[in-house]
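Step one of this worksheet: look at the structure below.
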Amino acid sequence: MSALLFIGGRVFAAGGAEAVAVKNGRITAVGDRARVLSELSGQAFDVVDLDGRALVPGLQDAHIHPVSGALERLRCDLTPWHAKADYLAAVAAYPGDGWITGGGWSMAAFPGGLPHRDDLDTVAPDRPAFLPNRDHHSAWVNSRALLIAGIDRDTPDPADGRIERDAAGEPTGVLHEGAMDLITGLLPADTAEDYDRALMEAQRYLFSLGVTGWQDAIVGAYAGARDQFDTYVQADAAGVLRARVTGALWWDRGGDETQIAAFESRRALARHGRFRATAVKIMQDGVAENFTAAMLDPYVGQGGHCGQSNVDPARLRDYVSLLDAAGFGVHFHAIGDRAVRECLDAVEAARDRGAASGARHHLAHLQVVHPDDVPRFAALDVTANIQALWATHHEQNDTLCVPFFGPERAGWQYPFGSIARTGGRLAAGSDWPVTTPDPWWAIHVAVHRTEPPVSGEADWPTSQVPMLPQEALSLEQALTAYTLGSAYVNGTDDETGSITVGKAADLVVLDRDPFEPGATLYETRADLVFVDGDLVHER
């Protein structure tokens, strides 16, 4: 492996630097050009001329579903579009004669966020269709699918979900949360080969975006999907997994603490390679758009409904204490202010019970955070795992969330700046396939709190009005969240996350210097991507 010298552009490193040397896959020198050259004296090396561009650490996504994201790309992928007519055209064109699967539709494309089975019936009258939306908390199905599943007006809602119905009580073709499981068990089973292909496609795609590591936010059997644990373990053993991946093992919300023994066994099987299973995912609530996010006070106009807590808060405190003592970092899904508080209370209970494992707990999403809970992130050493791309005045938020929050709670959305100002640590992720895994779109939003002008939401009248601009981050804060912050919650910060002597040479040469005044952040691309000093992507 040839040594490398990076010169001629900005280096995103503590204290600044003019040059970086890499040898045997490690960063061996960072600093002024003369000193770095002296490190390479007497040996052959290749020069990477930045030519005014920037060198940054490999970015890491702290909350992502890469296998399912890639499967959608390989199936009936609705994510490129934002209108009902385009979705129906894609469904009509999908080849084959069996189930139509894939998904990625936007709730904003339909009145009240709800499509109807009749529309799918017009383009797929004889084939069953099951198409989750972008956040995977609801699915659009046609009449054929409802018939196969035996879902009709007499089918009761499951405890953890809801069947959308019309005024006459008939299912409309939208299934929320656990109601999706009424159909997922009937879908054609994904094979090991499907998952192998999807993981390799996801890795290729993420490398092209400059993402060299991630935390898979659900590793386990969830919503009828195949468990991808073995996919990762086998890819790692075969040497084809080049990214650094942390798996968040799925907590079955209907189970109890007896799950922890199985988690420990899995962690032991995935501890020393590119894949490690050191986190546990607990989904404490749903999403605001379908009123399943857990709120402290009722949704406006919803008959006193406050959403749902998936795990009883008292049991959650017990479970988190046990997970903490076992050394697992808990990766919480928390959208509503009640869910955020319940998760922080659970971590506080673990601390009060004397747990001192050093486990790295983090709360993802954080759409609504009560102001009293903002300083608790720093006080409890809990990382805020932000999905910054959501923090804008896009149609879905303005029409399906804000009216039901009311003005006061609408002002508590995505308080990234406040958490940072009170000393909280930030990590960053995309939640792909819910939204694009392109980190520079999310960084644009974190800094400007407006939609990228090229996004599918850019035509919405308020998309360029900053959403709560006081909660914006600096570019340095946002990029640090996507590098060192995510490396911290992934447990790889000893190896990655910063351009530091001794760390692995996971590095990205951007196509520009994003710190230059007027730089267009959402257009930033990765020109060269290195993992352990090896080139894994060239644009």
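FYI, it's all coordinate maths here, none of it is from the lab. Since we're looking at a predicted model, the values are computed, not measured. As a convention, Cβ positions derive from the backbone with ideal geometry for all residues, glycine included, and neighbour counts pool all protein chains shown.
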| task | At 0.36 nm per residue, minus the direct Cα-Cα distance, what do Ala167 and Thr422 gain on full extension? Give it in nm, one decimal, please. | result | 87.0 nm
| field | Net +/- balance of residues flanking Ala129 in space, Cβ distance below 13 Å, scoring K and R +1, D and E -1 | value | -1
| query | Under the rule of -39500 (n - 2.57) per DSSP H run of 4 or more residues, summed and divided by the residues of the chain, what mean residue ellipticity at 222 nm is obtained, to the nearest 500 deg cm²/dmol? | reply | -8000 deg cm²/dmol
| said: Under 5 Å between amide hydrogens, which residues at least 5 positions from Thr278 or on another chain qualify, with H placed 1.01 Å from N in the peptide plane? | reply: Gly247
| Which parts of segment 489-508 would a label at Arg26 reach, counting a residue when its backbone N lies under 20 Å from a point 7 Å out along Cα-to-Cβ? | 492-508
| request: Pull up all non-local amide H partners of Asn385: gap of 5 or more, or a different chain, and H-to-H distance under 5 Å with H placed in the peptide plane. | output: Leu363, Ala364, His365, Ala427
| field | Degrees between helix 84-93 axis and first principal axis of the chain (Cα, 0 to 90, nearest 10) | value | 90 degrees
| query | Among 48-59, 295-306, 384-395, what's the highest-first ranking by average C-beta atoms within 10 angstrom per residue? | reply | 384-395, 48-59, 295-306
| query | Using mean Cβ contacts within 10 Å as the protection proxy, how do 178-191, 338-351, 493-506, 255-268 order, highest first? | reply | 338-351, 493-506, 178-191, 255-268
| note | Per the Cα gyration tensor, segment 111-236 corresponds to an equivalent ellipsoid with semi-axes, largest first in Å, of 32, 15, 14
| Gyration tensor (Cα) of segment 248-303, equivalent ellipsoid semi-axes in angstrom | 34, 13, 7
| Using alpha-carbon coordinates, inclination of helix 313-325 to the longest axis of the chain, degrees | 30 degrees
| Which whole number in µm²/s is D for segment 235-275 by Stokes-Einstein, with the Kirkwood Rh taken over Cα pairs at 10 °C and 1.306 mPa s? | 137 µm²/s
| field | About the Cα centre, charge dipole magnitude for segment 192-490 (Lys/Arg +1, Asp/Glu -1 at Cβ), debye | value | 920 debye
| task | For the chain, find the longest principal axis of its Cα atoms and tell me its angle to the long axis of helix 229-238, 0 to 90°, nearest 10. | result | 30 degrees
| field | Ranked packing of 193-201, 218-226, 35-43, most packed first, by mean Cβ within 10 Å | value | 218-226, 193-201, 35-43
| message | Based on Cα coordinates alone, diagonalise the gyration tensor for segment 267-345, multiply each eigenvalue by 5, take square roots, and list the semi-axes in whole Å, largest first. | response | 31, 13, 7
| task | Stick to Cα atoms and the Kirkwood definition of Rh, then tell me Rg/Rh for segment 1-139. | result | 1.31
| task | Report the net charge of residues surrounding Asp352, where surrounding means a beta-carbon distance below 14 angstrom and charges are Lys +1, Arg +1, Asp -1, Glu -1. | result | -1
| query | Taking the Cβ-Cβ separation of Thr462 and Leu74 as r and a Förster radius of 41 Å, what is the calculated FRET efficiency to the nearest 0.05? | reply | 0.75
| task | Enumerate the residues in segment 211-233 having an amide nitrogen under 18 Å from the point lying 7 Å beyond the Cα of Arg197 toward its Cβ. | result | 226-228, 231-232
| message | Under 18 Å from a point placed 7 Å out from the Cα of Asp511 along the Cα-to-Cβ direction: which residues of segment 436-462 have their backbone N that close? | response | 436-445, 452-456
| field | Rounded, prolate or oblate (a/c below 1.5 giving rounded, otherwise prolate when a/b exceeds b/c) for segment 204-245 by Cα gyration tensor | value | oblate
| Taking the convex hull of Cα positions in segment 192-490, its mean projected area over all directions (nm²) | 15.0 nm²
| field | Quotient of C-alpha Rg and 2.2 N^0.38 Å, computed over segment 99-184 | value | 0.97
| query | What is the extension gain from Ala325 to Glu538, computed as 0.36 nm multiplied by their sequence separation minus the C-alpha to C-alpha distance, in nm to one decimal? | reply | 72.3 nm
| remark: The extension gain from Glu264 to Ala189, computed as 0.36 nm times the residue separation minus the Cα-Cα distance, is 24.3 nm
| field | D (Stokes-Einstein, µm²/s), Kirkwood Cα radius, segment 494-539, 0.692 mPa s at 37 °C | value | 280 µm²/s
